[in-house]
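The values are calculated or read from the model by the stated rules, or taken from the named source; none is laboratory data. All values derive from a computational prediction rather than experimental measurement. Reconstructed Cβ throughout: ideal geometry from the backbone, glycine too, with neighbour counts over all protein chains shown. For the accessible areas, the whole protein counts, side chains as well, though only heavy atoms, and no ligand, DNA or RNA atoms are used. Shrake-Rupley method; radii C 1.70, N 1.55, O 1.52, S 1.80 Å.
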Amino acid sequence: MLSDSMEEALNRQINAEFYSAYLYLSMSSYFESSGLSGCANWMKMQFQEEWMHGTKIYDYVVERGGRVLLEAIEKPQSEWDSPLAVFEHVLEHERKVTGLINALADQALDERDHATSIFLQWFITEQVEEEATASGLVDRMKLIGGDSSALLTLDQELATRVFTPPASGA
Ligand code: FEO
């Protein structure tokens, strides 16, 4: 059974993951209105990933006999100065999420909640990948600079991203 404090912390993380989903959907909408449908697709896949993250924690809380209490999702930003600014925001946001996951993992260790520690390993690994992907896209956007044909080439590449749910059925 989850401690009250762990249940509260996991509930907060569910909200944080759903906020991430909302933020990326807002970024997708920004790109749709900017004529970059490939970037919009990439963000929509990111939205689905974050939704899956929130649901994965939801299912874990239920499995441990806890109670999920959904809170309001904060309104996300809707305008950015440039495509580069959006991807810089993604990287900054993912670094913040990594901090939240690490704090949760610290709490699980402090409480000797081994099941939650093991559960969070997946998220720790996922954050390494999320930060690396975002950082790579920021680097490429910086290289592109004001070259619109290079931007359209990247946009075409990002149009191919698909969301594949994990085999575990998370
Ligand atoms: Fe759920 Fe992008 O971290």
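I'm trying to understand the selection: among the residues of the stretch 1-33, which are away from the ligand (no atom under 16 Å from the Cβ) and more than 20 Å from residue 75 (Cβ to Cβ)?
In the first step, residues of the stretch 1-33 are kept if they are away from the ligand (no atom under 16 Å from the Cβ); the result is 1-8, 29-33.
Of everything in the stretch 1-33, those that are away from the ligand (no atom under 16 Å from the Cβ) and more than 20 Å from residue 75 (Cβ to Cβ) turn out to be 1, 2, 3, 4, 5, 6, 7, 8.
Could you tell me which numbered condition residue 47 fails, if it satisfies all but one of (1) within 13 Å of the ligand (Cβ to nearest atom); (2) in contact (Cβ under 8 Å) with a residue 40 or more places away in the chain?
All conditions pass for residue 47, except number (2).
Out of the stretch 61-82, which residues are in contact with a helix residue (DSSP H, G or I) (Cβ under 6 Å, 6 or more places away or on another chain) and not charged (D, E, K, R)? Write out each step before concluding.
So the first thing to find is which residues in the stretch 61-82 are in contact with a helix residue (DSSP H, G or I) (Cβ under 6 Å, 6 or more places away or on another chain), and the list is 61, 66, 68-69, 71, 73-74, 76, 78, 80.
Of everything in the stretch 61-82, those that are in contact with a helix residue (DSSP H, G or I) (Cβ under 6 Å, 6 or more places away or on another chain) and not charged (D, E, K, R) turn out to be 61, 66, 68, 69, 73, 76, 78, 80.
Does the stretch 36-60 hold any residues that are small (Gly, Ala, Ser) and within 13 Å of residue 158 (Cα to Cα), and which are they? Before you say what the answer is, go through the steps one by one.
Filtering the stretch 36-60 for residues small (Gly, Ala, Ser) gives 37-38, 40, 54.
Residues satisfying the conditions are 37, 38, 40.
Within the stretch 106-164, take every residue that is closer than 16 Å to residue 9 by Cα and assigned to a loop (DSSP other than H, G, I, E, B) and give me the one that is most open to solvent (accessible area, probe 1.4 Å).
By that ranking, first place goes to 112.
Residue 111: modelled with pLDDT of 95 or more and within 11 Å of the ligand (Cβ to nearest atom), yes or no? Steps first, answer last, please.
Details: modelled with pLDDT of 95 or more: yes; within 11 Å of the ligand (Cβ to nearest atom): no.
No; evaluated as a whole, the condition is false for this residue.
Among the candidates 90, 97, 61, 86, single out the residue that is among the β-branched types (Val, Ile, Thr), in contact (Cβ under 8 Å) with a residue 12 or more places away in the chain and in contact with a Phe, Trp or Tyr (Cβ under 7 Å, 6 or more places away or on another chain). Please lay out each step first, then the result.
Numbers: 90 fails: in contact with a Phe, Trp or Tyr (Cβ under 7 Å, 6 or more places away or on another chain); 97 fails: in contact with a Phe, Trp or Tyr (Cβ under 7 Å, 6 or more places away or on another chain); 61 fails: in contact with a Phe, Trp or Tyr (Cβ under 7 Å, 6 or more places away or on another chain).
Just a single option satisfies the conditions, and that option is 86.
Is it fair to say residue 6 is surrounded by fewer than 19 Cβ atoms within 10 Å (Cβ to Cβ) and in contact (Cβ under 8 Å) with a residue 40 or more places away in the chain? Before you say what the answer is, go through the steps one by one.
Working: surrounded by fewer than 19 Cβ atoms within 10 Å (Cβ to Cβ): no; in contact (Cβ under 8 Å) with a residue 40 or more places away in the chain: yes.
Here the answer is no, as residue 6 does not meet what is asked.
Among the numbered criteria (1) surrounded by 12 or more Cβ atoms within 10 Å (Cβ to Cβ); (2) more than 11 Å from the ligand (Cβ to nearest atom); (3) more than 18 Å from residue 5 (Cβ to Cβ), which one does residue 75 miss?
The single condition residue 75 does not satisfy is (1).
Could you grab the pairs with beta carbons closer than 7 Å, sequence gap of 6+ or different chains, first residue in the stretch 13-39 and farther than 30 Å from residue 120 by Cα and among the aliphatic types (A, V, I, L, M), second one modelled with pLDDT of 95 or more and open to solvent by 10 Å² or more (accessible area, probe 1.4 Å)?
36/83; 36/155
Is the stretch 36-43 home to any residue that is under 11 Å from the mean Cα position of the chain (by Cα), in a helix (DSSP H, G or I) and within 16 Å of the ligand (Cβ to nearest atom)? Step through it out loud before you land on a result.
Step one: of the stretch 36-43, the residues under 11 Å from the mean Cα position of the chain (by Cα) are 43.
Narrowing the set further to residues that are in a helix (DSSP H, G or I) leaves 43.
Adding the requirement that they be within 16 Å of the ligand (Cβ to nearest atom) leaves 43.
Yes, because at least one residue in the stretch 36-43 is under 11 Å from the mean Cα position of the chain (by Cα), in a helix (DSSP H, G or I) and within 16 Å of the ligand (Cβ to nearest atom).
If we scan the stretch 133-144, do we find a residue that is of a type in the set (Ser, Thr, Tyr), within 16 Å of the ligand (Cβ to nearest atom) and without any contact (Cβ under 8 Å) to a residue 40 or more places away in the chain? Outline the logic, then answer.
Step one: list which residues in the stretch 133-144 are of a type in the set (Ser, Thr, Tyr), which gives 133, 135.
Those still in the list that are within 16 Å of the ligand (Cβ to nearest atom) too: 133, 135.
Pick out the ones that are also without any contact (Cβ under 8 Å) to a residue 40 or more places away in the chain and you get 133.
Looking through the stretch 133-144, at least one residue is of a type in the set (Ser, Thr, Tyr), within 16 Å of the ligand (Cβ to nearest atom) and without any contact (Cβ under 8 Å) to a residue 40 or more places away in the chain.
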